Amino acid sequence: MSFTLAIVGRPNVGKSTLFNRLVGKRLALVDDQPGVTRDLREGAARLADLRFTVIDTAGLEEATDESLQGRMRKLTERAVDMADICLFMIDARAGVTPTDQVFAEILRKRSSHVILAANKGEGAAADAGVIEAYSLGLGEPIRLSAEHGEGLNDLYTHLMPLADKFAERAAEDAPEVDVIVDEDEDDMDVVPVPTNAKPLQVAVVGRPNAGKSTLINKILGDERLLTGPEAGITRDAISLRIDWAGDDGVAVPMRIFDTAGMRKKAKVQGKLEKLSVGDGLRAVKFAEVVVVLLDAAIPFEQQDLRIADLAEREGRAVIIAVNKWDIEDEKQDKLRDLKESFERLLPQLRGAPLITVSAKTGRGLDRLHAAIMKAYDVWNRRVPTAALNRWLSGMVEAHPPPAPQGKRIKLRYMTQAKTRPPGFVVMCSHPDKVPESYSRYLVNALRVDFDMPGTPIRLYMRGQNDSNPYKGRKKAPPSKLRKHTEGRRS
């Protein structure tokens, strides 16, 4: 990435629409109502041959107190400080407002490179607003239509000379490094190590106001996400890159997804909340490890169980983290009750780690890091076929499968077909007759005997092909058989 571009402006001027167009995906939530975006969202943008990082920001508000709007403004101002270039967007149809003039003055003082864009500039109705934009004193405005993709060539013309300048500066500051090639990289039995190119994907999910954003801010060591006592502050599924080091001091590249709080489906009202929940569900599908964050005061609510079950059905490695542990008085009794409830209410995640944390104080983050790495290791585990078949023989001998309707089921062979999550195939006779209880018996034993606690395990029963290649073929009529044999005799 050669430079960083922050898109700023009043609410509802089209910042998220332009962000989605530059990254080529519908990453940011877009709606007609103002104030949809609240957090800073980063993405890898592409404009012709330019490659850069683009930041979508919350709409600039005039509030400067500790209200929600004031906290959103502080985050946006921070994006202005960290970006190389600021793209200041106004609404060409609404014209220049007093709020635009205030923020133009702020950008003039805080950013060394400001590009002015008049969005919604399609049609004659925007002509007056484009001309009025000159009064802001930020140079010639770019006439844009983020929704229709118009004006991107002009944006490229403004960015190109600045991109060359930042590329030259980066080349001067870049240290020389030696490249070491690992010839054993293709070993299939080695657990893949997260790298900067492919970081470990971690999603933090839970009900509203469980402390997800606060926890991620504490992990980052920075107030990067918008937090507060109000429930439902987070709307977008925001991904953040971090090199997180545990007790061993080894920094692991991770991408952590902060998701919107998920309420019961019956309580989800309005288009915007539905979009937010859908964004969080997509984050779960793309993640490798899912941290289900509970509130210590009201753990294992019905919605918590649904969220954990969703992560298990998607085949993700699951960790249960109980937040707000610092305000709990009877910690030992509470922990015992939590473990009992976990085993009873989520049997499909038997053995998954249960970690107590405090997002406010940072207590328990080292244990959370260790649990994430352990879950990732188990999720990628591969068991040798020879060991699996020795194990299967012992399991069948200890507890033979039933014989429904007098048909004896023979389990002949077992192998691991995939990882992430571990998936096993058992070749047997009458696979459709194997009861679900016997499959659970094998899965639970797999967890214990091969040290795979908590991770989803998929077990498939397959029938073996019959060795007779003529089975199922229709018999030829006797007349054709006689002609065929007579022809061979002659």
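At-a-glance table
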| item | result |
| --- | --- |
| Cβ-Cβ under 7 Å pairs, at least 6 apart or on other chains, segment 322-343 side under 15 Å from Glu301 (Cα atoms), far side among the charged types (D, E, K, R) | Asn323/Asp295; Glu343/Arg350 |
| Residues satisfying the stated conditions in segment 104-131, i.e. more than 28 Å from Lys74 (Cα to Cα) and of a type in the set (D, E, K, R) | Glu122, Asp127 |
| Pair list, Cβ < 6 Å and 6+ apart or interchain, from segment 357-381 residues that are within 11 Å of Leu215 (Cβ to Cβ) and assigned by TED's automatic domain parsing to the domain that holds Ala317 to residues that are surrounded by 19 or more Cβ atoms within 10 Å (Cβ to Cβ) and aromatic (Phe, Trp, Tyr) | Ser358/Trp325 |
| Residue ID - surrounded by the fewest Cβ atoms within 10 Å (Cβ to Cβ), chosen from residues in segment 344-356 that are in contact (Cβ under 8 Å) with a residue 40 or more places away in the chain and of a type in the set (A, V, I, L, M, F, W, C) | Leu345 |
| Selection within segment 135-148 - within 33 Å of the chain's Cα centre (by Cα) and within 19 Å of Cys86 (Cα to Cα) | Leu144, Ser145, Ala146 |
| Residues of segment 289-325 satisfying the condition of being part of a loop (DSSP other than H, G, I, E, B) and closer than 19 Å to Lys339 by Cβ | Ala296, Ala297, Ile298, Pro299, Phe300, Glu301, Lys324 |
| Residue match in segment 230-248 (condition: part of a loop (DSSP other than H, G, I, E, B), over 30 Å from Gln303 (Cβ atoms), outside the structural domain of His113 (by TED's automatic domain parsing) and at pLDDT below 75) | no |
| Test result for Pro384, farther than 30 Å from Ile355 by Cβ and over 32 Å from the mean Cα position of the chain (by Cα) | no |
| Residue among Asn12, Asn20 that is crowded, with 17+ Cβ neighbours inside 10 Å, at pLDDT 80 or above, out of contact with any strand residue (DSSP E or B) (no Cβ under 8 Å at 6 or more places or on another chain) and assigned by TED's automatic domain parsing to the domain that holds Gly121 | Asn20 |
| Members of segment 395-437 that are small (Gly, Ala, Ser) and in a loop (DSSP other than H, G, I, E, B) | Ala403, Ser429 |
| Residue pairs meeting the criteria (Cβ under 6 Å; at least 6 apart or on separate chains; first free of Cβ contacts under 8 Å to residues at least 60 places away in the same chain and over 16 Å from Gly151 (Cα atoms), in segment 113-134; second assigned to a helix (DSSP H, G or I) and among the hydrophobic types (A, V, I, L, M, F, W, C)) | His113/Leu162; Val114/Leu107 |
| Given (1) of a type in the set (A, V, I, L, M); (2) assigned to a helix (DSSP H, G or I); (3) buried (at least 17 other Cβ atoms within 10 Å of the Cβ), number of the condition Ala370 does not satisfy | (3) |
| Test: residue in segment 162-183 that is modelled with pLDDT of 90 or more and surrounded by 11 or more Cβ atoms within 10 Å (Cβ to Cβ) | no |
| Unmet requirement for Glu132, which otherwise passes all of (1) within 18 Å of Gly14 (Cα to Cα); (2) more than 34 Å from the chain's Cα centre (by Cα) | (1) |
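Conditions tested, residue by residue: (1) buried (at least 19 other Cβ atoms within 10 Å of the Cβ); (2) of a type in the set (Phe, Trp, Tyr).
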residue	(1), (2)
Tyr376	yes, yes
Asn389	no, no
His399	no, no
Gln405	no, no
Lys410	no, no
Thr415	no, no
Pro422	yes, no
Pro431	no, no
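The values are calculated or read from the model by the stated rules, or taken from the named source; none is laboratory data. Note that the structure is predicted; figures quoted are calculated from it, not measured. Virtual Cβ from ideal backbone geometry, glycine too; neighbours counted across all protein chains shown.
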